[in-house]
Every structure is written in C-alpha cells, then in structure tokens.
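Shown next, in structure tokens, is the structure this report addresses.
The values are calculated or read from the model by the stated rules, or taken from the named source; none is laboratory data. Only a predicted model underlies this, so the values are computations on that prediction, with no experimental measurement involved. No Cβ is skipped: glycine too gets one built from the backbone with ideal geometry, and neighbour counts run over all protein chains shown. SASA here: full protein model, heavy atoms, side chains in, ligands and nucleic acids out. Shrake-Rupley method; radii C 1.70, N 1.55, O 1.52, S 1.80 Å.
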Amino acid sequence: MTAREEILRRINVALAGATAQPVPRAYRVAGELDRDGRVALFRRRVEDYGGVVLESAAPGETIAAVLAERGARRIGVSPDLDEALLPVGVEVVADDRLTPRQLDALDGALTTCAAACAETGTIALDGGPGQGRRALTLVPDLHVCVVRRDDVVETVPELLARLEASARAGRPIVLVSGPSATSDIELTRVEGVHGPRRLVVVLVDRPPA
Amino acid sequence: MRELAARSARPVAFPSAAEAAVTDEQTRTNVRLAQDTIRARRVAVAAELDDWEALRDAGAALRDRSLSRLRDLLPLLEDRVTRSGGVVHWARDAEEANEIVVRVARAAGAREVLKVKSLTTDEIGLNAALERAGLRPLETDLAELVCQLADERPSHLLVPAIHKNRTEIRDLFRERLGLEELTDEPRELAEAARAHLRAAFLRAKVAISGANAAVAETGTVCVVESEGNGRMCTTLADTLITVMGIEKVVAEWRDLEVLLQLLPRSATGERMNPYTSLWTGVREGDGPRAFHLVLLDAGRTRALADPVARPVLRCIRCSACINACPVYRQTGGHAYHTVYAGPIGAILEPQLAGPRGQPGSLPFASSLCGACADVCPVRIDIPGLLVHERGRVVRSERQGLEGASLRLLGRVFASRERYERAQRLARRLQRPAVREGRVRWFVGPLAGWGSSRELPAVPPQTFREWWADRDRA
Ligand code: SF4
C-alpha cells in the first residue's frame, strides 16, 4: 500500500460515521464606512505599524520627492508599470528577471497593488499590472506602493473576496501590513528585519493604469 | 543537538523537569514579562472587533468541517497543486517525511537548506535528519536562529526563544556571530540577524517551510509571518519544500477570511502580521521553479479516530493558550520536554505520539483553571480534553501499584470491620513516623510524594472507641 492509500484509508476508518456540519458565518463581511472613512482608517492603521502614507494629486512628483528624501537613486519597477507613475531624476530599472543580487543592489522598488484593507492597514499584491513579481517588493530595502483610493476596502473578508479570482488563477499573492518586523525579542514589535524596512504608501485618485 | 527528548530518548516527567525550571529565575522573569506584553496586546486587538465571538464560532466550525471532509479535501488539494506544477508527497510518519525532504533537497543539489520556522518540521526532527544526511539546515526566523546558535530547544510555539531576554540574545550574537560591538537594543539585534542571513537568502537553492493552512479548492498554501524570512524562503529559493500536517487543510478560499483574522490577533496581538504569503504550485517567472508539498500524518489520523479528542486538530498554533497559562508562566516551555508546550502541548502531544513515547505526566500539568479555553480562537475545550487525556493515562496505569492500592482501599472502605482493623494496624505502623500528631516521613512508593507533604496521624483513640469506652466506664 502506498503512503497515500494508507493515509486515506486511516482517515476513512477514523471518520466512519462523522458528518460535516455547516459553518455559521455571522461575522461582519461588508464594512460600513464611505470611501473617505475607509481611506482615513487605512492611513491610521498603516501609520500605526510604522508605514508612511502620503496623499498625492501628482504621483510622479510625490514619488520623486519620497525617493530623494530617502536617498534612493536606483529603483526597480515592473516592466509594465504605468508611465505616469515614473519619477523623474532617478534611475529606473525594469525588473526583467533580475537576479536576487541585482535586486539587492537597488535602493528601492516602486509598485502598484491589487487592493488594500483599511481595518488592518494591509496592501495586497497579486502580480497584476504594475506590481511585478514577489521578489521585487521583497529584496530592496524600500517599498513605495501606489494605492488607488477606490481600491481600499474596509474589512478582511472584503479584501479576500477581491483576491479570489487571482487565487483561482493560481497567481501568488502577498499581503503586506507595514514594514518587516519581529516580535521575537521579549515579544515587543521591532521594525526592520529581512523584508523592506521602509514602506511608503502613496494614495492616488486616478487609476494609474 | 536540538534532538527532541519527547520523540527520541526516554521521556522526562513534567514534575521533575518543572522543578528545575521554576528555580531558573531569569527564565521565569523573561516568560512573565513576555506573557504580560502579549496578553495585553491580544485583549486590545480582539476587543477592537465586535464580531470576535462570531469569528471564533466560524473558526471552530470551519476547522471541524474541514476535518470531517479530509478524505475529499486532501485529494482535491493534491490535484490543484499538481495541476499548477507542484509535486505532492504523502508521509505516514516522521521518518518517511524526513526521507522525502532529504531526497528532494539532495536532488536539487543543495548542501545548505534554509528553513522558515515550522513546528511541524521540529516535530519530525527534520534538522537532525538533514544533518545526518550531510545537509546544513539554516534557521532564518530570529528566535529560531537564537535557539540554533544557543543549541537549545524552542520553548514556545510562536516565540521559540521567549525564555531569552535581549541581553542574553546580545551575548549570544556577540559570541557566535563575532559581533563584539553589538548592544542589546532590539533594533540592533534585528539588524544583526538581517546582515547575518542576507547572503544566504540571495544564494538560496533549497528552502523548507511549514504551512499555516492550505485551501483545497484553490490549491493555495498559506504562510503567515513577520520578518520577511518566510517570503525570502518561499520566493527566492529554486526549490521550495513545504511540510504540512494533513489537518491544516481547509475547504474554501473564504475560510481564510476567518483564519487570517483570528490568527494574527490571537498570536502576536496584531491586527495583521506583516507578511502573509499565498501560492499555488509554481508560477512561471515568479518564485521557485520547483515546489514540493509533503502531507504528513504522524499521529494525526490517530487523533482523528478519537471523537472526543478530534477537536485538538482544529488548533491553528496561535499560542494564545500558552500565553494565558499560569503553569507555563511558572515553568516556561522547556519543562514540557516536547515540541508543543503549554496547554495545547498537553493535549496534542499524547495524541500525536500515541500510547508509547510520551510522558504520562503532561496532561496533569494544569490546574484546569480554564484560562486557555477562554482565549482559544477555535474554541477547543482544552480543560475537557486534559481530563480526557488524564483518563487515558489513568486507565493505562490501572495495572500498576497505584491501581492495586486503590482496589485494596476499596475493599477496606467497604466493610466496617476491615476498616477498624486497618485503623488499628495503621496506628502501630505509623509510630516511628509521627511527630507532634503528624506523619512526617514516608517510605517506599510514598517517599517521593511525601517529601514535601505531611498527613495527620491516625489518633490514639477514634470517636467510636471513645464512645464505647465511655459506656463501659
Ligand atoms: S489550542 Fe487554541 S489557543 Fe492554543 S494554540 Fe491551538 S488554537 Fe491557539
């Protein structure tokens, strides 16, 4: 008997007579806030975990300022990033299968996101337009993420509903809530371990793509 | 090495291990501080959600439902992962799982393998198996790294180095990483770990992770973490191997909307942990080129077969029960001598390990105060299951001296004549042990129990004897 057959047989024996009960889902799914309320909450929650949030009518300029302030001169982007978001005055490197070492040599990464969740201050990346592959937003030490106000939902169930189609299509998803952190030293949250130590969210109105 | 006592050498009983632990003042202080911090944070973020109790109901029910449908969900998960280019392996026990991992890692040409903190791989003793095969496991989670450098076992599900404070970690890093200038500022310690591991991440060939959950209908594997080491391993390695207990599977994508609220709030007291990675098989041009999912039984079907104990498999390893436990507070995690410490360990370990190989004392390491059940996000009745496990231990020990004495006692108590004869006998036997009306020392099997206890002596005259004498007078 293969291990697979054996384990499935054990399960069959163990569960003889067991029935599947329905799942009560009385928890909150839809939020109640309007768009401004959601954006304000999202902002507070990202800041609460050490991220920086900027509102912008002219994203290209805001992003250029963000990068200049942080001394970032070479930044990586996904090759399909909307040109309107490209900052002037910095070297933009398209991530065309850069090696991990090449990514490590960048000063930062600039991406869009799939959606964001206000309640938890989370941004979701699913490899869609402008988001690049997972390594791009992981290896460089600074992540600047452009979030459309319309893409901010209130609750976690709303966020996951937005990502369901990507999951079904087999696309990898990453949820990011603030900069990399650890609670391993005396259970106190310390920001900045292996992931980007600085996270900057730029809120925009018009669809970047 | 960090080979675990529970699964290898002779089991260590909780009372003797705890005795050593409670005298380690530093550990107790560290554990108390950490417990207080985390408790306060958990309460605050759970209270933020007014539907917290409804989420717990859903969490308990969806875990139960998934468990009762394991027979269908596991092949479904296998199918989805395989269709996305992953390879699924099945392992009946720890040994089989270790063999699979070693084989895959070797075939990938690795000599060093990166590891994301995973209780399941601790449980099966994977690091030791890798070392025996000439492969070097490198723990990448800060607390696991601390344990690996200190050559100590993890003492907490979530924060394996909870027993160490910042100064102790600094000293360890100074000594083992050669960083003499390091201070005990947590930020600097984190920075040291970042610098130490970065090169390893960038050259990663093979990485090994556990999984917090897997969604059968989409084939999605989920890893929840904070530092980014999980993302590094699941993204940068050429080959990714994930070892997952079969109980971790859930049916639907939307089950994650419940678990991803319950877990971070119960575990680290955060609204959401910094990073959650979700992936299905392999993705061309993004992440590892090969993905292997090892589905592990190792005692899970045994727990599944016990309808009373089955809910223990709901556990999402958040460690809230450990942080709430007054016994753990005093002893720390090492006293349990098991991978899973605290209340959850006391009910999970005996199930996973089966009738042999497990200290029978663990389910007794609790005052049944119920603090654990109050916080458990998937509503496991931990005190109820502790009593269940105690019952199993006691039944299996019926044959021993304790069982024989209890049967004898039953006979003595059943007849007045036998009872009075026993009293007279006890009065004679106790004589050398009595001081000031109390029995102060014990011999034979009672010696251990009596080392810190005393009993009132059987009085020279009982009430009945006095009454009878009074009539005669
Ligand atoms: S038993 Fe409950 S509280 Fe304890 S670790 Fe498991 S899920 Fe968390």
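For the protein assembly as shown, the per residue solvent-accessible surface stands at 41 Å², with DNA, RNA and ligands left out and a 1.4 Å probe.
Computed over chain A with a Gaussian network model linking Cα atoms closer than 10 Å, the most mobile of A:100, A:24, A:79 is A:24. Segment residue B:176..residue B:79, full-extension length gain: 30.4 nm, with 0.36 nm per residue of separation and the alpha-carbon distance subtracted.
May I ask you to list the GluC sites (Glu not before Pro) in the range A:27-128 that are in a DSSP loop and have at most 15 other Cβ atoms within 10 Å of their Cβ? Kindly include the intermediate steps, with their values, before the conclusion.
On the way: sites: A:32, A:47, A:55, A:61, A:69, A:83, A:91, A:119; in loops: A:32, A:119.
For GluC sites (Glu not before Pro) across the range A:27-128 that sit outside H, G, I, E and B with at most 15 neighbouring Cβ atoms in 10 Å, the list reads A:32.
Going from the chain on its own to the full set of protein chains, the range A:100-140 has these residues losing 30 Å² or more of accessible surface (heavy atoms, 1.4 Å probe, no ligands, DNA or RNA): A:100, A:101, A:104, A:119, A:120, A:133, A:134, A:138, A:139. Taking 20 °C and 1.002 mPa s as conditions, the range A:29-204 diffuses translationally at an estimated 132 µm²/s according to Stokes-Einstein applied to its Kirkwood radius (Cα pairs). Working from Cα positions, state the angle (0 to 90°, nearest 10) between the long axis of helix B:166-176 and the longest principal axis of chain B. Roughly 60 degrees, rounded to the nearest 10.
How many percent of the accessible area of the range B:401-472 is carbon or sulfur, using a 1.4 Å probe? Spell out each step's value before the answer.
Working: 3570 of 6050 Å².
Accessible surface attributable to carbon and sulfur in the range B:401-472 totals 59 percent.
Coordinate range of the alpha-carbon atoms in chain B per principal axis, descending: 104, 56, 49 Å. Taking amide H atoms as placed 1.01 Å from N in the peptide plane, the amide H of residue A:147 lies under 5 Å from those of A:202, A:203, A:204, each 5 or more residues away in sequence or on another chain. For chain B, the longest principal axis of the alpha carbon atoms and the long axis of helix B:382-397 meet at an angle near 60°.
Just so you know, the Cα atoms of the protein assembly as shown work out to an Rg and Dmax of 28.5, 116 Å.
About its Cα centre, the dipole of the range A:29-204 is roughly 360 debye, where the only charges are +1 on Lys and Arg Cβ and -1 on Asp and Glu Cβ.
Between A:84, A:124, A:181, the Gaussian network model of chain A with springs among Cα atoms under 10 angstrom shows the greatest mean-square fluctuation at A:84. Cross-link reach is defined here as a Cα-Cα straight distance under 19 Å, omitting same-chain residues fewer than 8 places apart; for residue B:205 the aspartates and glutamates meeting it are A:104, B:99, B:112, B:131, B:139, B:141, B:238, B:284, B:286.
Taking each residue in A:192-204, count the Cβ atoms of any other chain within 10 Å of its Cβ, then average. What number comes out? Write out the running numbers ahead of the final one.
Values: counts 7, 16, 19, 11, 2, 5, 0, 1, 0, 0, 0, 0, 0.
What the average comes to for A:192-204 is 5.
Chain A contacts chain B over a buried accessible area of about 7600 Å², both sides summed; the probe is 1.4 Å and only protein chains count. Sparsely packed loop sites in the range A:93-154 (the trypsin sites (Lys or Arg not before Pro) outside DSSP H, G, I, E and B with at most 15 other Cβ atoms within 10 Å) comprise A:97.
Can you order the peptides B:306-317, B:427-438 by their average number of other Cβ atoms within 10 Å per residue, highest first? Intermediate values should be presented prior to the final figure.
Values: B:306-317: 19.5, B:427-438: 11.6.
Per-residue Cβ counts within 10 Å, averaged per peptide and sorted highest first, yield B:306-317, B:427-438.
Computed from Cα positions, the angle between helix A:156-168 and the longest principal axis of chain A comes to roughly 80 degrees. Under 5 Å from the amide H of residue A:178 lie the amide H atoms of A:123, each residue being 5 or more positions distant or on a separate chain, with H modelled from the backbone and absent for Pro and chain starts. For residue A:115, the residues whose amide H sits under 5 Å from its own are A:124, ignoring neighbours fewer than 5 places away on the same chain, with H placed 1.01 Å from N.
Against the 2.2 N^0.38 Å scaling, with N counting residues, where does the range A:1-124 land? I'd like the Cα-based Rg ratio to two decimal places. Display every interim value, and only then the final one.
Working: Rg = 23.6 Å, N = 124, 2.2 N^0.38 = 13.7 Å.
For the range A:1-124, the normalised Cα radius of gyration comes out at 1.72.
For the protein assembly as shown, a crude dipole built from +1 on the beta carbon of Lys and Arg and -1 on the beta carbon of Asp and Glu, taken about the Cα centre, is about 3260 debye to the nearest 20.
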